[in-house]
Amino acid sequence: MRPARRLGWIVLLAAAGCSPTYDWREARPAGTGVLAMFPCKPKTETRSVTLLGQAAPMTMLACETGGATFGLAMVDLGDATRSPAAVAALRDAQAGNFAAEAKVAKPVAIPGADARADMLRYRLDGRLPDGEVVSQHLVYFARGARVYQAAVLARQTPAEAVDTFFEGIRVLP
């Protein structure tokens, strides 16, 4: 094989082996009413949860890349008047899971979500059950009877990846 051709194959094979840590892609999971940009291909799972004393299906999308888990969960309560209490219950439950207080990081706007004074980005610094120290960035929002939780969980995640994830969420009309 000629040296130029051999070099071409080496470059091609090296390029094929390289993949970016954050390979942003659009996800529109059926039935969730949301569009989100994920840095990796999310897997979808639905399970029953109890929220405000009511059993409801929760649809979750999540993927892991760069040492971080990016997730989006949605619960349809069937009653828009319960959304504010559900958002507070989700936030308090997540803080309890980490034995941490949810600290307000900054206000956030999710296009298409109901306008709310408590639409804030939170940060939890806590430990996983195995003792690993982690941080979780969270945003809670609602549209009518649907309540959402977006989260990034990691030991260390670049702020720009967290910002890109949250800024890529849209509630569809």
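Points worth noting:
- Selection of region 14-31 for residues being closer than 30 Å to E160 by Cβ and modelled with pLDDT under 90 yields A14, A15, A16, G17, C18, S19, P20, T21, P29, A30.
- Some residue of region 136-157 being open to solvent by 50 Å² or more (accessible area, probe 1.4 Å), among the β-branched types (V, I, T) and either more than 23 Å from P39 (Cα to Cα) or not in a loop (DSSP other than H, G, I, E, B) (or both): no
- Pairs where the first residue, in region 61-82, is touching a residue at least 12 places away in the same chain (Cβ under 8 Å) and under 17 Å from R47 (Cβ atoms) and the second is among the hydroxyl-bearing types (S, T, Y) and in a loop (DSSP other than H, G, I, E, B), C-beta under 9 Å, 6+ apart: L61/T32; L72/T32; M74/T32; D76/T32
- For T50, the criteria (1) touching a strand residue (DSSP E or B) at 6+ places or on another chain (Cβ under 7 Å); (2) within 16 Å of V147 (Cβ to Cβ) hold in every case but one, which is (1).
- Failed condition for E132, given (1) in contact with a strand residue (DSSP E or B) (Cβ under 9 Å, 6 or more places away or on another chain); (2) within 26 Å of P20 (Cβ to Cβ); (3) charged (D, E, K, R): (1)
- From the options A93, A73, A56, residue that is more than 17 Å from L172 (Cα to Cα) and surrounded by 13 or more Cβ atoms within 10 Å (Cβ to Cβ): A56
- Residue match in region 106-126 (condition: more than 22 Å from P39 (Cα to Cα), open to solvent by 60 Å² or more (accessible area, probe 1.4 Å) and in a loop (DSSP other than H, G, I, E, B)): yes
The values are calculated or read from the model by the stated rules, or taken from the named source; none is laboratory data. Predicted model only: the values in this text are computed from it and were never measured. Heads up, the Cβs are rebuilt from the backbone with ideal geometry, glycines too, and the neighbour counts pull from every protein chain shown. In case anyone asks, the SASA skips ligands and DNA or RNA and just uses the protein heavy atoms, side chains included. Shrake-Rupley method; radii C 1.70, N 1.55, O 1.52, S 1.80 Å.
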